[in-house]
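Written out below as structure tokens is the structure these notes cover.
What follows is calculated from the coordinates using simple rules that are stated; it is not laboratory data. Note that this is a predicted model, so its numbers are computed, not measured. Positions of Cβ are generated from backbone atoms using ideal geometry, with glycine treated the same way; all protein chains shown enter the neighbour counts.
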Amino acid sequence: MKIIDGDYPMAHNALKFQRDLTKSIDIVRQEGIRNKELDPLGYSIMCSLPEMRKAEISVAIVKAVACVLKSGNDHGDVPTQHHAYASGKAQMAYYHMLEEMNEVNLLKTQSEFVSHMKIWADNKDYNKLPVGLVLGMEGADAITSPDQLEEWYEQGLRIISLSHYGVSNYSHGTGTGTKGGLVGQGKELLKKMDSLNMILDLSHTSDESVRQELDIFKGPIIATHQNCRSVAPGERQFPDHQLKSIIEQRGVIGHSMDTFMMWDKEIDWANIPLPRPFSKNEITLEDFVDHIDHVCQLAGNSFHSAIGGDTDGQGGMVGAPKEIDTVLDYQKLIELLKNRGYKNSDIENIMYKNWQRFFENNLPVIEK
């Protein structure tokens with residue numbers, strides 16, 4: 001069955017760790033082992049473009065991730081906002097280069113998305129097909145001002161989350177508790193996104209920031225990689241009222257394969273314990289399906305729950321559930337959902353159709 005992955009920070013890891021993701025997963029892992037000083041988790045990566053085709057992943061939301069390192073937040077990776085800008089642009093250039101190589105299609109409009117999905121529907125052999133990419137940004141530090149957003153839009157950026165870990169230049173995010181909200185020009189950035197008909201990703205955003213975003217932003221909303229706080233406690237997950245807000249606005253919630261977000265004991269997201277204080281075998285795909293099922297029960301249907309793997313952003317297969325070695329194993333969800341009583345039409349919704357409908361309805365009709 002086809003899959004659409006709602007979260008894959010492909011370019012960040014490819015550039016930072018010098019991974020050639022056009023190669024088979026076995027070769028990329030072997031190169032990671034040889035290059036372990038630069039890429040200590042290279043042996044554990046779950047995804048490359050050939051592996052995506054093998055896994056029937058027709059489309060992924062990919063990210064540019066560039067966060068300014070600030071006091072009390074060790075997750076930043078650049079010293080200033082102009083460094084974040086340059087890093088973000090490099091990641092965007094990586095995606096454009098993959099398109100020039102005919103490895104991917106950058107899906108910027110509704111018609112491009114529809115055409116790409118038709119190509120996948122009309123073919124049974126996916127090995128030589130381009131993978132579709134919808135470009136997003138995780139944390140908005142790379143955008144130096146709201147007025148600059150049109151420049152990013154013209155390069156294909158369609159989705160933005162205002163924060164990542166800690167406090168961005170626009171919003172409080174994960175790892176800051178739930179009291180802080182929008183900061184700086186956060187309100188202005190949301191209004192500029194609205195004017196360009198962009199999509200707001202609520203993932204990684206603090207509870208107060210989400211509340212303010214929902215008051216200000218009038219466009220389409222999603223959570224690309226977000227689990228449920230009532231199933232797994234902790235501020236990184238969303239409480240039910242926030243999940244319901246996304247459902248009520250016809251959004252989609254992609255669920256993360258990060259085992260931290262499925263562990264039944266609360267962690268301090270400001271001081272994430274590494275290595276993980278539990279073994280890979282303690283978290284299974286049944287735990288993952290618990291989050292899918294929770295959103296389906298809240299909605300009363302299967303139209304809002306999806307996959308948002310956080311693929312390789314959460315540490316690769318060592319940070320994924322027991323049954324996951326590569327993204328090919330995402331297909332194992334089908335049998336688990338069947339065992340829970342989900343019909344084939346519901347399973348198709350969760351695996352790819354919810355994301356497909358969302359983008360076919362909410363990407364721009366034409367480029368501005």
Region 329-348 and region 4-58 have their Cα centres apart by a whole-number Å value of 26 Å
Calculate for the chain the 222 nm mean residue ellipticity that helices alone would give, adding -39,500 (n - 2.57) per DSSP H run of length 4 or more and normalising by residue count, nearest 500 deg cm²/dmol.
-10000 deg cm²/dmol
So how do SER71, SER58 line up by other beta-carbon neighbours within 10 Å, fewest first?
SER71, SER58
Once phi is turned into ³J(HN,Hα) by the Karplus curve 6.51 cos²θ - 1.76 cosθ + 1.60 with θ = phi - 60°, what whole-Hz value does each residue of region 18-34 show in order, with x for glycine and proline?
6, 8, 9, 7, 7, 8, 5, 4, 5, 5, 5, 5, 4, 5, x, 5, 5
Could you sort the peptides 207-216, 136-145 by per-residue average Cβ neighbour count (10 Å cutoff), highest mean leading?
136-145, 207-216
Taking R0 as 41 Å, what FRET efficiency do you get between LYS124 and LYS179 from their Cβ-Cβ distance, rounded to the nearest 0.05?
0.20
Can you list residues from other chains, or at least 5 along the same chain, whose modelled amide H is less than 5 Å from the amide H of LYS70?
GLY76
Taking placed amide H atoms and a strict 5 Å upper bound, the residues 5 or more places from VAL167 or on another chain that come that close are GLY173
Under a 5 Å amide H to amide H cut-off, with H placed in plane at 1.01 Å, what residues pair with GLU235 once short-range neighbours are removed?
TRP269
Between MET97 and ASN301, the two model label points (7 Å from Cα along the beta-carbon direction) sit apart by a distance in nm of 4.4 nm
If I model a spin label at ASP215 and ASN344 as a point 7 Å from the Cα along the Cα→Cβ vector, what separation in nanometres do I get?
4.8 nm
For log10 I(q)/I(0) by the Debye sum over Cα atoms at q = 0.06, 0.08, 0.09 Å⁻¹, one of (1) -0.19, -0.34, -0.44; (2) -0.34, -0.57, -0.69; (3) -0.23, -0.41, -0.52 was computed from the structure I shared and the rest are decoys. Which label?
(1)
Neighbouring Cβ atoms within 10 Å as the yardstick, rank TYR352, TYR330, TYR43 fewest first.
TYR43, TYR352, TYR330
List the pairs from LYS322/LYS353; LYS118/LYS322; LYS23/LYS244 whose alpha-carbon separation is above 32 Å, in the order I gave them.
LYS118/LYS322; LYS23/LYS244
With θ set to phi - 60°, apply the Karplus curve 6.51 cos²θ - 1.76 cosθ + 1.60 along region 88-98 and write out the HN-Hα couplings as whole Hz, x wherever there is a Gly or Pro.
x, 5, 4, 5, 4, 4, 4, 5, 5, 5, 4
Given 0.36 nm per residue, what is the gain on full extension from LEU38 to ASN361 after removing their alpha carbon distance, in nm?
112.1 nm
Output the peptides 295-308, 275-288 sorted from most to least packed, where packing is the average of other Cβ atoms within 10 Å over each peptide's residues.
295-308, 275-288
Check each of the trypsin sites (Lys or Arg not before Pro) in region 113-159 and keep only those in coil by DSSP with at most 14 other C-beta atoms within 10 angstrom; list them in order.
LYS124, LYS128
Neighbour-count ranking [beta-carbon atoms within 10 angstrom, fewest first] of HIS12, HIS225, HIS75
HIS75, HIS12, HIS225
Would you kindly state how much longer the chain becomes between GLN30 and GLU266 on full extension, computed as 0.36 nm times their sequence separation minus their alpha carbon distance, in nm to one decimal?
81.5 nm
